[in-house]
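What follows is a single structure, written as structure tokens, with notes after it.
Please treat every number below as a calculation from the coordinates, not as lab data. This structure is a prediction, so every number in the text was calculated from the model and none was measured. All Cβ positions, even for glycine, are placed from backbone atoms using ideal geometry, and neighbour counts span all protein chains on display.
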Amino acid sequence: MLVAGVDVGSLTVKAVILKDGEVAATTTLITGDDAATAARTAINEALKSLAERGVSATLDSLDYVVATGVGRKEVAFAHEVKTDVRCDAVGARHLFPSVRTVVDIGAESCKVIRLSKKGRVEDFTANDKCASGTGMFLDTLAKVIGVGVEKLGELSLKAKEPAKISSMCVVFAESEVISYIHKKTPVEDIIAGVHESISNRIFGMMNRVGIEKDVALVGGVARNVGVVRALEARAGENILVPEAPQIAGALGAALIAAKACEGGA
Amino acid sequence: MIAHYGYADGSGEYYLIVDTDRCDGCGRCVEVCPNDILELAPDDYGKTVVRVKDEFVNSIGYICPACKRRDERCESVCEHAALSYTW
Ligand code: SF4
Ligand code: SF4
């Protein structure tokens, strides 16, 4: 049985292929302006890497495809679409069976989902209105600071005294960062301040739905260890981060697809 | 499931909150909404419940507070107390 989950995000598309319930291939691509084509390409790329390992299949021969993410409705070839909330929940729960609170920080949105003991969604909140608390906030400020966004995490761990960034709004936060640069505040401290600012915002959302242990962080921003540490400090909880946090939603979609094939969705 | 539709920004928190276990999908709130921002749709577990249409989630802070002065609004017509909001 070969099934796929595809998560069409605002910035990247993620695809996960499951073969008999096990992850067989994953890909991540830039979405661009055509979500449908990007979704197709992501699955085809994953299938290509499968073919190299002797499993040949085409998009049409997949048993079931589930699409999720903001662009999910544009994926015409999907058999079913599911909300990101459900897919994140299923994906995170598969990676960490003990998880009760899932935080997903993506490029342009963030979500907090609280699960029951059995893994059902009990409560969720999402923010895709403003950049604070999203990858975009980090991207914008990394550019101002002049550091690659992938280096932020490491650098911030060296901070001695995180700079206070009081504004949640990215436009105002940007001018705060610039004034720190002018004051010759160490870059590490500014970056740590930016991470604290994001985690304050996320923590507010976590409180809205209520925090239950264990807490997992998924989505692309979870790769930034500085954000993980800042959020742990803010929430006073240990936070679980999977090895490939950005594919959690696509994994969830693929798992739902596998279940649908077994006959009980 | 409790679903929070909306956002928080510098001016406050704007969430319309649906308790999907209470909502029976009768559609009364959808009909009464003067701005037509609600819809009935199956949730991920297959139950038909009310939700805020995607295109309005990011603007309910501008749309909904005007309803405070109305007697008939989504939350007041619901017989199951399935709706609440934060403004
Ligand atoms: S009026 Fe209440 S029960 Fe009826 S659809 Fe709206 S929220 Fe659900
Ligand atoms: S508060 Fe008013 S505008 Fe907002 S959803 Fe309810 S009825 Fe519609």
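Taking each of A:Lys14/A:Lys213; A:Lys14/A:Lys151; A:Lys19/A:Lys259; A:Lys117/A:Lys213 in turn, the alpha-carbon distance tops 20 angstrom for A:Lys14/A:Lys213; A:Lys14/A:Lys151. Extension gain, A:Asn207 to A:Lys73: 0.36 nm times the residue separation minus the Cα-Cα distance gives 45.2 nm.
Enter the per residue convex hull volume of chain A, computed from alpha-carbon coordinates, in Å³ rounded to the nearest integer.
Values: hull volume 31.6 nm³, N = 265.
Enclosed volume per residue, from the Cα hull, is 119 Å³.
Taken as Cα centroids, region B:33-61 and region A:70-136 sit 17 Å apart, rounded to the nearest whole angstrom. Measuring r between the beta carbons of A:Phe172 and B:Glu39 and using R0 = 51 Å, the FRET efficiency lands at 0.90. For region B:2-85, what does the alpha-carbon gyration tensor say about shape, rounded, prolate or oblate, given a ≥ b ≥ c as the root eigenvalues, a/c under 1.5 as rounded, and a/b over b/c as prolate? Here region B:2-85 falls in the oblate category.
What is the sum of charges around A:Lys111, taking Lys and Arg as +1, Asp and Glu as -1, for the other residues whose C-beta is under 10 Å from the C-beta of A:Lys111?
Cβ neighbours under 10 Å give a net charge of -4.
Spin-label model, A:Glu232/A:Val55: points 7 Å from Cα along the beta carbon direction are separated by 3.4 nm.
Can you say what percent of the DSSP beta bridges in the protein assembly as shown, counting only those with both residues inside, are antiparallel? Round to 5. In the protein assembly as shown, approximately 70 percent of DSSP beta bridges are antiparallel ones.
Electrostatic bookkeeping for A:Ala15 treats Lys and Arg as +1 and Asp and Glu as -1; over the other residues with beta carbon under 10 Å from its beta carbon, the sum is 0. Considering helices alone, the calculated mean residue ellipticity of chain A at 222 nm is -13000 deg cm²/dmol, with DSSP H runs of length four and up weighted by -39500 (n - 2.57) and normalised per residue. Taking Cβ atoms as reference points and 13 Å as the exclusive limit, the residues near A:Met1 contribute a net charge of -2, counting Lys and Arg as +1 and Asp and Glu as -1. Each Lys and Arg contributes +1 and each Asp and Glu -1, all at the Cβ; summed about the Cα centre of chain A, the dipole is approximately 560 debye. The mean number of partner chain beta-carbon atoms within 10 angstrom of a residue's beta-carbon across peptide A:178-191 is 0.
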